[in-house]
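*Asks:* Okay, handing you the structure first.
The values are calculated or read from the model by the stated rules, or taken from the named source; none is laboratory data. A quick note: this is a predicted structure, and the numbers were derived from the prediction, not measured. Ideal geometry is used to build each Cβ from the backbone, glycine not excepted, and the neighbour counts take in all protein chains shown. Ligands, DNA and RNA are excluded from the accessible area calculation, which covers all protein heavy atoms including side chains. Shrake-Rupley method; radii C 1.70, N 1.55, O 1.52, S 1.80 Å.
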Amino acid sequence: MVVSCASNPYKKINKEYRKNVKEVAKAYLEIPQTKEELNYDTLSITDEWVGTTNFSIRRPNFVIIHHTAQDSLGQTISTFTKTSTQVSSHYVIGRDGTIVQMLNDYLRSWHAGRGKWGNVTDLNSVSIGIELDNNGFEPFSEEQIASLLILCKRLKWKYGIPTANFIGHSDIAPSRKVDPNKYFPWKKLAEEGYGFWYDEEVVYPQINPLDTNTSIPLQSSDSLPLDAFDPVIALRIIGYDVSNPALAIQSFKLHFVQQEVSSELTDLDIRILKNLYKKYL
Ligand SMILES: [Zn+2]
């Protein structure tokens, strides 16, 4: 016993995992109650149970990316295998690119917590959580991002996850969460098909260095007059919870501006937002 535990330190937690999965599976085996069993309080339900065989298991539709805010992969695994923490993730990716899967994709992990994206308020029920080992104040290693891209490719293909639905924890929980940190390469992910990025050639107009008399046009090629553009509506179209616009702006800037995350929109931020929100329409 001592020897087997030493060879697999996760034997005990893996046994508990199987036990918990069996408990969850019971919910699938339950036959919905009939009118009689419900004491006739739901008149629209028939006396007889009528089943259909046309069904399958629900599938995740979002990927939410996090940083662990911990110092090592081992520390994160320790956190996620303690029942007292009540937090988990489907995948954890180490700084060296190691991918640790901790949950079947179909199970509801506890990674998103309280949050809102579009009209979805139970993100845990519809998403895969990916945690990147990072202390919160450092860049992400090339190996780590390479592994993340491979994992995203597999998840997007397997579950048909829309490009727009690869988002960060900070996107769904303005002010409450700031992960992944400002070093996260969202632009690179968008170039690979995971999330959107703005068109830099539109946002940063090209200036001919020889033509010194040319002033920088502040407006993009957008034909809408400036006063017809409402930044709060644009943020809402992207998915942000705009119940507190200043906090939504901070979350937007952490993802799409990164070098500066105040709650004010600069001219540049507005140009980015005007270009970006149309991709979510
Ligand atoms: Zn997080």
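*Asks:* Using the Cα centre of the chain as origin and beta-carbon charges of +1 (Lys, Arg) and -1 (Asp, Glu), tell me which of S72, G136, Q33 is placed farthest towards the positive end of the dipole.
*Replies:* About the Cα centre, the residue reaching furthest to the positive side is Q33.
*Asks:* State to the nearest 20 debye the size of the charge dipole of the chain about its Cα centre, where the only charges are +1 on K and R beta carbons and -1 on D and E beta carbons.
*Replies:* 1040 debye
*Asks:* Suppose we keep just the DSSP beta bridges with both residues in the chain; what percent of those would be antiparallel, to 5?
*Replies:* Counting only bridges with both partners in the chain, antiparallel ones make up about 25 percent.
*Asks:* Shifting gears a bit: What percentage of the solvent-accessible surface of the chain, computed with a 1.4 Å probe over protein heavy atoms, is contributed by carbon and sulfur atoms?
*Replies:* After summing per-atom areas, the C and S share lands at 55 percent.
*Asks:* Give, in nm to one decimal, the length gained when the segment between D230 and Y28 is fully stretched (0.36 nm per residue of separation minus the Cα-Cα distance).
*Replies:* So the extension gain works out to 68.2 nm.
*Asks:* Now for a separate question. Calculate the FRET efficiency for S263 and A69 from the Cβ-Cβ distance with a Förster distance of 22 Å, rounded to the nearest 0.05.
*Replies:* For R0 = 22 Å, the calculated efficiency reads 0.50.
*Asks:* With every protein chain kept in place and ligands, DNA and RNA left out, what is the accessible area per residue of the stretch 58-191? Probe 1.4 Å, answer in Å².
*Replies:* 46 Å²
*Asks:* Let me ask another. Dimensions of the stretch 34-113 along principal axes (Cα, Å, largest first)?
*Replies:* Principal extents (largest minus smallest coordinate, Cα): 58, 29, 16 Å.
*Asks:* Run the quick spin-label model on D47 and D122: label points 7 Å from Cα toward the beta carbon, then report their separation in nm to one decimal.
*Replies:* For D47 paired with D122, the spin-label model returns 3.3 nm.
*Asks:* With labels modelled as points extended 7 Å from the Cα through the Cβ direction, what inter-label distance (nm, one decimal) is found for A246 paired with S175?
*Replies:* Reported label-point gap for A246 and S175 is 0.8 nm.
*Asks:* Cα centroids of the stretch 58-80 and the stretch 120-195: how far apart, whole angstrom?
*Replies:* 10 Å
*Asks:* Could you check how many percent of all C-alpha pairs in the stretch 58-191 are farther apart than 18 Å?
*Replies:* Value for the stretch 58-191 (Cα pairs over 18 Å): 50 percent.
*Asks:* What do the square roots of 5 times the Cα gyration tensor eigenvalues come to for the chain, in whole Å, largest first, as semi-axes of the equivalent ellipsoid?
*Replies:* Each semi-axis is √(5λ); the values are 41, 28, 16 Å.
*Asks:* Equivalent ellipsoid semi-axes for the stretch 221-280, as square roots of 5 times the alpha carbon gyration tensor eigenvalues: give them largest first, rounded to whole Å.
*Replies:* 17, 13, 11
*Asks:* Right, here's the next one. Scan the chain and report its longest stretch carrying no GluC sites (Glu not before Pro) that are both in a DSSP loop and have at most 13 other Cβ atoms within 10 Å.
*Replies:* 49-259
*Asks:* Shifting gears a bit: Using +1 at the Cβ of each Lys and Arg and -1 at the Cβ of each Asp and Glu in the stretch 58-191, identify which of Y91, L107, T121 lies farthest towards the dipole's positive end.
*Replies:* T121
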